Amino acid sequence: TMDTAVNLHEEGKSIPVHVDVPWQGRRTSTTVYTSLPKTIEPRGHNYLVGPEYPAVIFHLHGGGTPTATGKNAMSIASQMAGSNIPVLAPDLPGHGRATRKMEGLMSAEEQVNWILEVIKKTVHPSVKVILSGHSWGGEFAEYMYRHSDEEKYKQISLFFVLSAPVDVSLGGDE
């Protein structure tokens, strides 16, 4: 049992939490940067965000470099401190502290399904997910929104894209 209580927002801190994600018969892992506005105390569940919260912002960082990380979202978390909304931000595959073995994680659909597995492991099923994404993470959020009528997206109640990458082809054939 946990006998220590921590209020991350009041201390202005976040904590990196290691999360193992079984994926296609193998173990993958990530770091989920976590900022919670309430005191963390044992609640009788095994989720980072439990039913004591009505919603969570689950933020997907940008890409383009392996140094991109979920930690970038903690500026969002500091702004949400007074709103009683926790923020979770995983390192996406190939970035930060997440798995570097990309087999089975090459397509957008495979990475989206992996993200949904991280949500399933970290957020109680009764908590509404606000999915936000910046740049490449925004592409994932938009992709999920376009497919949001599928059952697997039922826990996500809002999709929010920040600075999505632009179409550099300008609609041309190349």
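The values are calculated or read from the model by the stated rules, or taken from the named source; none is laboratory data. Keep in mind it's a predicted model, so treat the numbers as computed, not measured. Each accessible area value is taken on the protein alone, full model and side chains, heavy atoms only, with ligands, DNA and RNA left out. Shrake-Rupley method; radii C 1.70, N 1.55, O 1.52, S 1.80 Å.
Just the accessible area for Arg146, please: 1.4 Å probe, Å², rounded to the nearest 10?
We get 140 Å² for Arg146.
Taking only protein heavy atoms and a 1.4 Å probe, what accessible area per residue, in Å², does region 52-174 have with all protein chains in place?
Per-residue value: 51 Å².
According to the Kirkwood expression over distinct Cα-Cα pairs, how big is the hydrodynamic radius of region 97-145, in Å?
Final number for the Kirkwood radius of region 97-145 is 11.9 Å.
Students often get this wrong, so check it: of Lys121/Lys152; Lys101/Lys152; Lys101/Lys128; Lys128/Lys152; Lys120/Lys152; Lys120/Lys154, which have C-alpha atoms separated by over 19 Å?
Checking Cα-Cα distances, Lys101/Lys152; Lys101/Lys128 exceed 19 Å.
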